Structures are given as structure tokens and as C-alpha cells.
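Notes to accompany the following structure.
The values are calculated or read from the model by the stated rules, or taken from the named source; none is laboratory data. From a predicted model like this one, the values you see are computed outputs, not experimental measurements. Because the Cβ atoms are built from the backbone with ideal geometry, glycine has one as well, and the counts that use them run over all protein chains shown.
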Amino acid sequence: MSKSQDILLEQRGRCGVATLNRPRTLNALSYPMIAELEAHYIKWAEDPFIYGAVLRSASDRAFCSGGDLKTIYKARESGKLDTILEKYASEYQHNWTLDRFMKPHVALMNGIVFGGGVGASLYGTHKVAGENYRLAMPEVRIGFFPDVGATYFLPRMPGQLGLYLALTGNPIDRADAYALGLLTHCIDATEFEEICEALSEAEPVDPLLDNRHTDPGPSSLMAMQDQIDRYFSQSSVDAILSALDDASGEESDWAKETATTIRRNSPLSLKVAFRQLTAYGQLSLDAALALEARIAYAFLTGEELYEGVRALLVDKDGSPNWSPAKLEDVSDEMVDAILAAGRAPGFSPTNPFV
């Protein structure tokens, strides 16, 4: 049973079912919710009667909008940031737990899947997208950085598509996500309840989902890969923007729009994300999560994230005062300091199933 109504946890026959239930926040993940998920996945893994697990949403609008940033902001404003710093790495541990969970784990997703929602679903065995699925890693828009394993999965996308998604924060649909390997199946949300019922009876998961899968159609993102690769295969964010600014011909409108999108984002976050993905993109998932815990600590104890959250979620003025305000004022030394191991408590994901 659940400790709160924010997440509903139940055993339905031979299936463990977790339902995200914070519709007013688009299922933003709080640390208590992550702790409940972690405890139940470990319990379900150890129970021989449980065939597998399902993660789903009670909302038609969103699977999960990411981490509960507003609560983090309020904790800092009230002088209680230490309570957040004690728990923040638990999200990265949960990502690793999901990767090590060896039973079928089916994420049933419709609506938005942003940031922490990607981390809560990507590492399971089966990722199912409904017709309104939209995925994004929009952290640079709020003065943060792509985390929950993005250091691992974004650089493994074809060409420069991962870097493009990180620097723009743009969403993609299920056709794009399926082509990128972020999904295993595309099934309309009207069939999600039938899938839960079948799994409660331990119906074999692969034929269950394969028989319901529908072709999502061509990926518009993949169709643009050559174009994206040309502009994003530069040596720095500044060089990418310069290449976009110099675009001409039929690509000029797209290039101008893309450059405008990037320039709205935090200059500090942009340069951290670029270094993160280009210099550390060969890390294993557990090493990537350990790196991200250090980077997250730097942002949580800094100013940029809170200014981004203020502008987006608190005052909602849409006008963050980034510091530094200009990309050229973000030095390599600033980025070095954020990535430095000494800035944070050590964290190494552990396998709870060993």
C-alpha cells in the first residue's frame, strides 16, 4: 500500500502496479515518491510470486513531468536545502535499480515524459508509448543539466541528435522516440488497462505487447539527422550557434528558430551539457549516474537552477536572469568547477539485487 495518494502502489494478481497520481503537478516526482518506488521494486523483485511490474499514470495529460522542482525551490527558500541534499542522489540510485531489475518492467506512457519521467521509465524492459506521448530533456531551460542517465543515453543516439535534444530541450513524439530506440512498443492508451489485467495473470509480456503494437509512422527527427549533424558537429556551443546563424537557403528558417531556442536557455547549463555529453559520453550507466550526482550537487548549491525555477514555476514571468547572462562569459573554469569531483559527496550506485 502507498504512504500517500501521490503514488498508488498495489499488487494486482501476479503484477506489481505503481500509478503516478499527482495530476496538478503533472506527476512531478518528489523524493518521498522515489523512495516508495525504490522500496516496492526491491520488494517485487524478491517476491517469487510477482511476475513483473507496471509503471503508469492516473492522468491523461502526463506520464511524468520530471522532478519536483518547486518543492526543491521552496526548501531552499525556507532554509531547508540540507534535507534535499541528503536525498537528491536517491533518484540516480533508483535509475540504477530499474536497470538492474530483472523481471518484466512495463512503463505505460501517454502525454508528457520529461526529465525524471524519462529516468523512471527508460531503464525498464518494455517502454510503451500512447498516441499523445511527448518526450523531452528540457533541463537547460531551467538552469539545470540533462541528468537521470542522459550522459549515457543521449550520446548513444545517432549522430548529433542527442546533443541537439539536450541543447534545445525540444520535445519529440513517439515516432521519433521509437526510431531512436527509446521505446519498445507503440500502443494506444485505450489498451493500457487490458495490458495491466493480462500482466496480473502473468501472461507472457512479449507476445502481449507485440500483438498490440502499431507502426508509429516515420520519424521527422531522423529525417533531419544529416541537417542536425552538420550544425551540431562543432567544437563548442558558440560554434554551433555561429553555424546556425550563417545558415542560408532552405534551412535558414529552421536554423534561425533553433538558434533562438538555444539562446533562451541558461548559458551556464548549455556549456555544462555540451561538456557533459561530448567529454563523458562513453561512460557506463552507473559511472554516468555518479558523475551526474556531482553535477547536480553543484547546481543545487548554486543559483542558476533556482532562478530558472522561479521564472518558470514560481513567478511565471518567463524572464530568468541567467548568470552569466552571455554564453561568452561562461569560462572553462566555471564548467570545470561544476564537474569537479570535490564539489559533492561521493556517490556510487549499488545493485540492491545482489
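Descriptive notes on the structure:
- Residue satisfying condition, being in contact (Cβ under 8 Å) with a residue 24 or more places away in the chain and surrounded by fewer than 16 Cβ atoms within 10 Å (Cβ to Cβ), within set Asp6, Asp60: Asp60
- Scanning the range 116-142 for residues that are touching a Pro at 6+ places or on another chain (Cβ under 7 Å), under 29 Å from Ser323 (Cβ atoms) and buried (at least 24 other Cβ atoms within 10 Å of the Cβ) returns Met137, Glu139.
- Checking Leu199, Leu154, Leu165, Leu161 one by one, the residue that is closer than 29 Å to Tyr92 by Cβ, more than 18 Å from the chain's Cα centre (by Cα), outside the structural domain of Ala288 (by TED's automatic domain parsing) and among the aliphatic types (A, V, I, L, M) is Leu199 and no other.
- Residues that are touching a Lys or Arg at 6+ places or on another chain (Cβ under 6 Å) and over 19 Å from Cys15 (Cα atoms) within the range 195-236 comprise just one, Pro216.
- Qualifying residue in the range 1-24 (condition: of a type in the set (D, E, K, R), at pLDDT below 95 and over 20 Å from Arg134 (Cβ atoms)): yes
- Among all residues of the range 173-184, there is at least one that is surrounded by 22 or more Cβ atoms within 10 Å (Cβ to Cβ), part of a helix (DSSP H, G or I), touching a Phe, Trp or Tyr at 6+ places or on another chain (Cβ under 9 Å) and in contact (Cβ under 8 Å) with a residue 40 or more places away in the chain.
- Selection within the range 272-288: residues that are touching a Ser or Thr at 6+ places or on another chain (Cβ under 8 Å) and assigned to a helix (DSSP H, G or I). The member of this set that is farthest from Asp246 (Cα to Cα) is Asp286.
- Restricted to the range 342-354, and to residues there that are over 30 Å from Ala45 (Cα atoms) and touching a helix residue (DSSP H, G or I) at 6+ places or on another chain (Cβ under 6 Å), the residue that is modelled with the highest pLDDT is Ala344.
- Residue in the range 319-326 that is in contact (Cβ under 8 Å) with a residue 40 or more places away in the chain, surrounded by 15 or more Cβ atoms within 10 Å (Cβ to Cβ) and under 24 Å from Phe153 (Cα atoms) present: no
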